[in-house]
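Worksheet for the structure shown next.
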Amino acid sequence: MISIKQDEFRELTEYLKSNYGINLTKKKILIEGRLNNILIEKGFKNFREYLNYLFSDMSKSELTLLINKLTTNHTFFMREADHFDYFKNKILPYLEETVKDKDLRIWSAGCSSGEEPYTLAMIMEDYFQGNKGFWDKKILATDISVNVLQTAEKGIYTKESIERIPPNWQLSYLNKINSNEYQISNKLRNEVIFRIFNLMEEVFPFRKKFHVIFCRNVMIYFDAKTKMELVNKFYKMTEPGGYMFISHSESISRDETDYKYIMPGVYRKG
């Protein structure tokens, strides 16, 4: 195992925190463990050689590899299912009634390998089918990891990973590739727009505000200050009456945001 010196560890973690909001200042063992193979494979004798290479790489491809290694992109379909029930049973009827131009704007921020936005797409396709008229229900799905976005765009998942999807949705929205792999249907994949995006951008470049923002299991990497700055940027990008979702394992200080608490993980802009 190649050890990282304290000054190298501080340099790397401060860079990740200031540029990407990722707080790994107490994860020295994790960093050493996950990057050790990279150093060996690329022939670096120590972390200083690796950091010099990382920071001089103008293409940022090595930085992308680093982020992919250090952030755990674990998710699954129907995760925290009560959120999806609330989205279907409470939020969609409200939006159907109030959004007069039928242009729904939903953002899955930190979408990882695509399970969350595809779940939302299934819910909306199911809800708006029939005689409810044409709705623009495309979902913006963003992440900083190129690798997971490439996986998400393909929309291919194992038999085990789709078990939580209701059987009728499996029939409607998944195509069997082989005995162990299924692909999200073209129709549904066309409803999700995947883009690379860094949530630490000072100004979000979106022309219109969102009716619903999902940002679940992302801010666990952020310190309190970074998290609240991001939450307040989300608030500015939320339509009045719109919603924001975080995970059950996260919380927002009600004294530091204008979002109103609705239920665990669910907040609303007044």
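The numbers here are math on the coordinates, done by the rules we state, and not lab data. None of these values were measured; they are calculated from a predicted model. As a convention, Cβ positions derive from the backbone with ideal geometry for all residues, glycine included, and neighbour counts pool all protein chains shown.
In sequence order, region 82-92 has phi-based couplings of 5, 5, 5, 4, 5, 4, 6, 8, 10, 6, 4 Hz under the Karplus curve 6.51 cos²θ - 1.76 cosθ + 1.60, θ = phi - 60°, and Gly or Pro positions carry x.
Taking the centroid of alpha carbons for each part, region 88-133 and region 218-238 are 23 Å apart.
Compute the FRET efficiency between SER18 and ASN180 as 1/(1 + (r/R0)^6), taking r as their Cβ-Cβ distance and R0 = 30 Å, and round to the nearest 0.05.
Numbers: r = 42 Å, r/R0 = 1.41.
The value I calculate is 0.10.
The equivalent ellipsoid that matches the C-alpha gyration tensor of region 6-70 spans semi-axes of 17, 14, 11 angstrom, in descending order. Rounded to the nearest Hz, the phi-derived 3J(HN,Hα) couplings of region 207-223 under the Karplus curve 6.51 cos²θ - 1.76 cosθ + 1.60 (θ = phi - 60°) are 6, 10, 7, 9, 7, 9, 10, 9, 9, 9, 6, 10, 6, 5, 8, 9, 7, where x marks glycine and proline. As a test, work out the antiparallel percent of DSSP beta bridges whose residues both lie in the chain, rounded to the nearest 5. Roughly 40 percent of the DSSP beta bridges within the chain come out antiparallel.
If you take every residue apart from GLU80 with its C-beta less than 13 Å away from the C-beta of GLU80, what net charge results, scoring Lys and Arg +1 and Asp and Glu -1?
Details: positive: ARG79, ARG164, ARG216; negative: ASP82, ASP85, GLU115, GLU116, GLU250.
Every neighbour counted, the sum reads -2.
In this structure the amide hydrogen of THR238, modeled in the peptide plane, comes within under 5 Å of the amide hydrogens of PHE210, none closer than 5 places in sequence on its chain. Protection proxy ranking of 148-156, 183-191, by the mean of other Cβ atoms within 10 Å over each peptide's residues and highest first, is 148-156, 183-191.
Nearest-5 percent of antiparallel DSSP beta bridges in region 143-270?
Values: 12 of 17 bridges.
Counting DSSP beta bridges with both partners in region 143-270, the antiparallel share is about 70 percent.
Placing a pseudo-label 7 Å from each Cα along the Cα-to-Cβ vector at ILE2 and LYS28 gives an inter-label distance of 1.8 nm.
Fewest neighbouring Cβ atoms within 10 Å first, the residues VAL146, VAL218 line up as VAL146, VAL218.
The mean of 1/r over all distinct Cα pairs in the chain, once inverted, gives the Kirkwood hydrodynamic radius of 20.1 Å. The peptide list 20-31, 100-111, put in order of mean Cβ contacts within 10 Å with the highest first, becomes 100-111, 20-31. Taking label positions 7 Å along the Cα-Cβ direction at both ASN168 and ASP126, the computed distance is 0.8 nm, reported to one decimal.
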